[in-house]
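For reference, the structure discussed in these notes is given below.
The values are calculated or read from the model by the stated rules, or taken from the named source; none is laboratory data. Since this is a predicted model, take the numbers as computed values, not measurements. Cβ placement follows ideal geometry from the backbone for every residue including glycine, while neighbour counts extend to all protein chains displayed. These area figures cover heavy atoms from the full protein model, side chains too; ligands, DNA and RNA do not enter into them. Shrake-Rupley method; radii C 1.70, N 1.55, O 1.52, S 1.80 Å.
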Amino acid sequence: MLACVLNVAPPLHIAYTTSEMAPFAKTGGLADVSAALPKALVRLGHKVTVFLPRYGSIAFPPGEFMGSVHVPVDALPRSAGFYRRKLADGVELVFVEHPPFFDRPSLYGMGNHDYDDNRLRFAFFSRACLEYFRSRGERPDVFHAHDWQTGLIPVYLKAFYWDDPALHGSPTAFTIHNLMYQGNFSPDTAAVLGLPGHLGLDFHGQVSYMKAGVTYAEMLNTVSPTHALEIQRDDMSYGFGDLLRARSADLWGILNGVDYDEWDPQVDPYIVQNYSPRDLSGKGACKQDLLAAYGLPATPDLPLVGITSRLVHAKGFDVVVDAWWNLLQRPIRLVVLGTGEPSVQDGFRALAARAPDRFAARFGYDTALAHKIEAGADMFLMPSRFEPCGLTQMYSLRYGTVPIVRSTGGLVDTVEPYDPVTGNGTGFRFDMPDGTALIWALDQALDLWRDRAAWRRLMRNGMERDFSWDRSARGYEELYRRAMAKV
Ligand code: ADP
Ligand code: GLC
């Protein structure tokens, strides 16, 4: 009533279902988003319950035991245990426990092989989130599902909970973080899950969980405005062009943000000396520390280029490796941190072998080193072919580490090309995914590097950009309300 009189929308209860959340379980940016966006939504006054599988890497018990329920997913009797934990920032986190599916060392598979029961694991997880509410007779205002892993949420709601007293008519907002990973499984999957055959989840002869989310969620978004347009083009949509164009009125682009509690050189506990735009002196010590961590000699006056990434085709590092001859001719140092395709790793290994005092690579997952690279490098390279948003370029901006990026997806929305006439801009961009374009952009950066005052200005331009989550969280708030208005 009061809300009505004051024309203030009431706070929402958001059921946020995700397969990753930092620091508990992470393979990429989804984990960072799932740690930060719920916090920002709580700051706006909403209640957020995040659901996450209790993977083997998460200590047991992960929280207060809330009971267990039967989860009908395939022919076997299965139950989920729920463990609730209240985080310091007010987010409620519910771990979903089912050891046969989740008590494993990795999230999705070992090495480059997915677990062969992923279709059951994530169907189970999605359905368990719904059973949590059904069993408690509680109704969230909206479900927020992410990528194929929770793409079945809106399908299950419509197929099995349409007449449930608690959940009937519950809306879903579905976020596409990466359309390349589609959760496509064998054609018998719908039958195995007991889903009616007429739902149209088939995708090139398989059953697609990504298609499930895209088709049945009330509202859709991806993680940058530019990418929301890209995925409606046939050459960037991995087969989803028709579907996404058909839903273009419901498909928004909401830029990811940065959690500056985690990624800010003024407070970062992983780096050897903190610094700020007003006092950049600590950055030199960070560079020194980073070179030492890679066993490279101290070269304060030569630019140090950093790379932290999944080393997969979409990230474009084969282009860097192919440009090895040109890289050797440039006065740069290069440090690489990543995991991924063996051919890219071999390429970086070969580059390091050619000039071991200038190029170095580490292949593994190392959070502390990822922070040290943001702080210690002078330039940060992202030659992505496909980048829905990208977070590391936004982290680099805050650390005064100038991004050199390919013009695609969220990189277009976050890195503004440097303009030598006005001194405006925050980084360097190139268009073609090839070595010529990359070296062209790198050379522009190296030219400017020699003008120390101009370079410092460029660093500060980036450091002063604000990509905090609050603005984007308001975008999601609006997306949720639209989804609610549609049921
Ligand atoms: P994506 O989600 O496509 O991998 P993002 O830029 O959105 O790309 O997010 C990547 C996240 O994963 C960042 O937090 C980055 O620091 C982190 N990251 C990537 N590779 C590694 C690694 N080898 N070690 C530690 N952190 C990494
Ligand atoms: C995906 C995308 C990346 C994005 C992240 C978080 O992993 O590849 O560009 O930043 O999701 O939304």
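If the condition is being closer than 30 Å to HIS146 by Cα and either away from ligand 1 (no atom under 14 Å from the Cβ) or of a type in the set (S, T, N, Q) (or both), then segment 344-390 contributes GLN345, THR367, SER384.
Remark: pairs (first residue in segment 326-350, free of Cβ contacts under 8 Å to residues at least 24 places away in the same chain; second residue crowded, with 16+ Cβ neighbours inside 10 Å; Cβ separation under 8 Å; 6+ apart in sequence or on different chains) = ARG349/ALA361. Within segment 55-81, residues that are open to solvent by less than 100 Å² (accessible area, probe 1.4 Å) sit with their Cβ atoms under 7 Å from residues that are acidic (Asp, Glu), at 6+ positions apart or across chains, in these pairs: GLY56/ASP103; VAL69/GLU131; VAL71/GLU131; ALA80/GLU97; ALA80/GLU131; GLY81/GLU97. Within segment 21-41, residues that are part of a loop (DSSP other than H, G, I, E, B) reach partners that are within 11 Å of ligand 1 (Cβ to nearest atom) with beta carbons closer than 7 Å, at six or more positions or on different chains, in the pairs ALA22/ALA31; ALA22/ASP32; ALA22/ALA35; LYS26/GLU20; THR27/GLU20; GLY28/ARG310. Among the conditions (1) more than 23 Å from GLN266 (Cα to Cα); (2) open to solvent by 30 Å² or more (accessible area, probe 1.4 Å); (3) assigned to a helix (DSSP H, G or I), ALA298 misses just one, which is (3).
Kindly provide the set of residues from segment 82-106 that are more than 30 Å from THR189 (Cα to Cα) and surrounded by 12 or more Cβ atoms within 10 Å (Cβ to Cβ), ordered by number. Full working, then the answer.
Taking segment 82-106 as the starting set, the residues that turn out to be more than 30 Å from THR189 (Cα to Cα) are 84-92.
Across segment 82-106, the qualifying residues are ARG84, ARG85, LEU87, ASP89, GLY90, VAL91, GLU92.
Listed by position, the helices (runs of 4 or more DSSP H) enclosed by segment 348-455 that each have at least 3 residues that are more than 14 Å from ligand 2 (Cβ to nearest atom) and more than 25 Å from TYR270 (Cβ to Cβ) are 435-449.
Residue-wise test of (1) open to solvent by 30 Å² or more (accessible area, probe 1.4 Å); (2) among the polar types (S, T, N, Q); (3) over 20 Å from THR367 (Cβ atoms); (4) within 22 Å of the chain's Cα centre (by Cα).
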| position | (1), (2), (3), (4) |
| --- | --- |
| ASN274 | yes, yes, no, no |
| GLN288 | yes, yes, yes, no |
| SER309 | no, yes, no, yes |
| ILE332 | no, no, yes, no |
| GLY340 | no, no, no, yes |
| ARG349 | yes, no, yes, no |
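May I ask you to verify whether TYR209 is touching a Phe, Trp or Tyr at 6+ places or on another chain (Cβ under 7 Å) and of a type outside the set (Val, Ile, Thr)? Show your work before the answer.
Numbers: touching a Phe, Trp or Tyr at 6+ places or on another chain (Cβ under 7 Å): yes; of a type outside the set (Val, Ile, Thr): yes.
Against the criterion (touching a Phe, Trp or Tyr at 6+ places or on another chain (Cβ under 7 Å) and of a type outside the set (Val, Ile, Thr)), TYR209 qualifies.
Just to be sure before I move on: is ALA292 open to solvent by less than 40 Å² (accessible area, probe 1.4 Å), outside the structural domain of LEU229 (by TED's automatic domain parsing) and not in a loop (DSSP other than H, G, I, E, B) in the structure I sent? In short, no. Being within 14 Å of ARG78 (Cβ to Cβ) and either open to solvent by 10 Å² or more (accessible area, probe 1.4 Å) or within 23 Å of the chain's Cα centre (by Cα) (or both) is a condition met by no residue of segment 107-116.
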